[in-house]
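Novice: Handing you a structure now.
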Amino acid sequence: MINRSGRPKTFLSADEKQHIVEAIKGAEAKTSGEIRVHLDRQCKGATPVDAARFTFDRLGMHNTREKNGVLIYLAVHDRSFAVVGDTGLDGKFDGAFWDGVRDRMGKAFSDDKFGEGIAGAVREIGDKMAAAFPHTAADKGNLSDDISMGRS
């Protein structure tokens, strides 16, 4: 069992981090969209969604050509999370899709399968984005695929 400290840098195992990054690379190979994962120690907002939106902006995720970035945000000490997308996704993905992603992640998290939950969400979002925003030869991943982290 992994020691789930409340510190972003040690919250996930090396294998979990690698699994998530591979999921991001695989998803982004099929879509023009960008998917990022960010771990913070504590939620830096009134709600996890507020913190995720703040982090989305800070990471420059609104700089995609089609406004199709998605951020999976996790505050590890608080055990709270959110998934937020840019304006290009409005009307393309309904609330039921986002609710399903959130619920499946929450179930994995409750089973202490954080790496699997995040990687699964990345793959699911990537598949949906590939249908709405297929990858073209002109697409270049302009954002890092690495997991970003707040202060420990």
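The values are calculated or read from the model by the stated rules, or taken from the named source; none is laboratory data. Remember, predicted model here, so these are calculated numbers, not experimental data. With ideal geometry, Cβ positions are generated from the backbone for all residues, glycine too; neighbour counts draw on all protein chains shown.
Novice: Assuming G120 fulfils every condition listed in (1) closer than 18 Å to I24 by Cβ; (2) over 14 Å from the mean Cα position of the chain (by Cα) apart from one, which condition is it?
Specialist: Result: G120 passes all but (2).
Novice: Under the condition of being free of Cβ contacts under 8 Å to residues at least 60 places away in the same chain and touching a strand residue (DSSP E or B) at 6+ places or on another chain (Cβ under 9 Å), which residue from the stretch 14-44 is nearest to I125 (Cα to Cα)?
Specialist: Of everything passing the filter in the stretch 14-44, C43 is nearest to I125 (Cα to Cα).
Novice: Kindly establish whether E66 is in contact with a helix residue (DSSP H, G or I) (Cβ under 7 Å, 6 or more places away or on another chain), within 26 Å of P134 (Cα to Cα) and of a type in the set (D, E, K, R).
Specialist: Answer is yes for this residue.
Novice: Enumerate the strands (runs of 3 or more DSSP E) found wholly within the stretch 1-94, keeping only those where 1 or more residues are among the charged types (D, E, K, R) and under 16 Å from the mean Cα position of the chain (by Cα).
Specialist: Correct list: 34-40.
Novice: If you take the residues in the stretch 95-134 that are in contact (Cβ under 8 Å) with a residue 24 or more places away in the chain and outside any helix (DSSP H, G or I), which one is surrounded by the most Cβ atoms within 10 Å (Cβ to Cβ)?
Specialist: Only one residue fits best here, namely F133.
Novice: Can you report the number of residues in the stretch 52-94 which are without any contact (Cβ under 8 Å) to a residue 12 or more places away in the chain and of a type in the set (S, T, Y)?
Specialist: Count: 0.
Novice: Could you tell me whether the stretch 9-23 includes any residue that is of a type in the set (A, V, I, L, M, F, W, C), within 21 Å of T87 (Cα to Cα) and in contact with a Gly (Cβ under 7 Å, 6 or more places away or on another chain)?
Specialist: no
Novice: How many of the residues making up the stretch 21-39 are in contact with a Phe, Trp or Tyr (Cβ under 9 Å, 6 or more places away or on another chain) and at pLDDT 95 or above?
Specialist: Residues in the stretch 21-39 being in contact with a Phe, Trp or Tyr (Cβ under 9 Å, 6 or more places away or on another chain) and at pLDDT 95 or above: 4 in total.
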